[in-house]
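Below you'll find the structure, written out as structure tokens, and then a few comments.
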Amino acid sequence: MNIQVDKTLDAKGLACPMPIVRTKKMMEELPDGHVLEVQATDKGSMADLQSWTAKTGHAYLGNKIVGNVIHHYVRKASASEIKPEQKHPITLTNDELNAEMGQSNFTDHLILIDVREPAEYAFGHIPGALSIPLGALVNRTSELDPSKGIYVICRTGTRSDMAAQMLSNLGFANVTNIIPGMSEWTGPTKSEE
């Protein structure tokens, strides 16, 4: 498959949120209708870029994987197609989450979802957090109790923001994004063996 690209962004070796941050910056420089190839090694970049393009109006054309590099293809939308980027309005800080987790009935009324990739989760997650990677979230919503509040966490708050918006759009009424996420989490963690 030979895809005509106008610009290439090397995001290999970068973890969330950097592939998205660099993609946003590069898209600002591209003329409307041009195609950007984003080369990334972060498996989470697949869900991240697809979600980001859906939110902003740019077109995610697809991807191909060569070795351990994911080649994403994104077409820049015209000014009339671009949607203003929005953030999920309900957030909680790491410290606030840690304080709430100290309550004996925390899991009776709340579900904590970790939307990072399985390897990130395995190397350290909050005890009791349910691992549902962002890319699998839509297909796994049946595992969630809509009568409970849902807290969503990732590494930096970017993927969890996308997940929180996704869940709210699917009708979940009480969804909260945890910021800044696991990169600055100082509470208890558990690793998979």
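Could you tell me whether region 57-122 comes out rounded, prolate or oblate from its Cα gyration tensor? Rule is a ≥ b ≥ c as square roots of the eigenvalues, rounded for a/c under 1.5, then prolate if a/b exceeds b/c, otherwise oblate. Before the final figure, lay out each step's value.
On the way: a/c = 4.15, a/b = 1.71, b/c = 2.43.
Oblate.
Looking at this model, which pairs from K7/K64; K55/K87; K43/K87; K24/K55; K12/K87 are more than 20 angstrom apart at the alpha-carbon?
Over 20 Å apart, Cα to Cα: K43/K87; K12/K87.
Could you give the dipole magnitude of the chain about its Cα centre, charging the beta-carbon of Lys and Arg +1 and that of Asp and Glu -1, in debye to the nearest 20?
That gives the chain a dipole magnitude of about 520 debye.
Have a look at T56, C16, N2 and report the one farthest towards the positive end of the charge dipole of the chain, computed about the Cα centre with Cβ charges (Lys/Arg +1, Asp/Glu -1).
It is N2.
What value, in deg cm²/dmol to 500, does the helix sum -39500 (n - 2.57) over DSSP H runs of n ≥ 4 give at 222 nm once divided by the residues of the chain?
-7500 deg cm²/dmol
Could you tell me which of A136, I65, T41 has its Cα farthest along the dipole of the chain towards the positive end, charges placed at Cβ (Lys, Arg +1; Asp, Glu -1), taken about the Cα centre?
I65
Tell me, V175, V5 in order of fewest to most beta-carbon neighbours within 10 Å?
Final ranking by Cβ density, sparse to dense: V5, V175.
What size of dipole, in debye to the nearest 20, comes out for region 60-126 about its Cα centre when the only charges are +1 on Lys and Arg C-beta atoms and -1 on Asp and Glu C-beta atoms?
620
Tell me, what is the percent relative contact order of region 7-75, built from C-alpha pairs under 8 Å that lie six or more residues apart?
Working: 108 pairs, mean separation 24.2, N = 69.
Worked out over region 7-75, it gives 35 percent.
Which is the longest part of the chain that has none of the trypsin sites (Lys or Arg not before Pro) sitting in a DSSP loop with at most 15 other Cβ atoms within 10 Å?
13-86
Sort M46, M27 so that the residue with the fewest other Cβ atoms within 10 Å of its own Cβ comes first and the one with the most comes last.
M46, M27
What's the magnitude of the charge dipole for region 7-75 around its Cα centre, counting Lys and Arg as +1 and Asp and Glu as -1 at the beta-carbon? Answer in Debye, nearest 20.
100
If I compute semi-axes √(5λ) of the Cα gyration tensor in Å from the structure I just sent, which labelled value in (1) 40, 17, 14; (2) 135, 14, 10; (3) 32, 18, 14 lines up?
Of the labelled values, this structure produces (3).
Each value in this text was obtained by applying a stated rule to the coordinates, not by laboratory testing. The model shown is predicted, which means the values in this text are computed figures rather than measured ones. Note: ideal-geometry Cβ built from the backbone for every residue, glycine included; neighbour counts use all protein chains shown.
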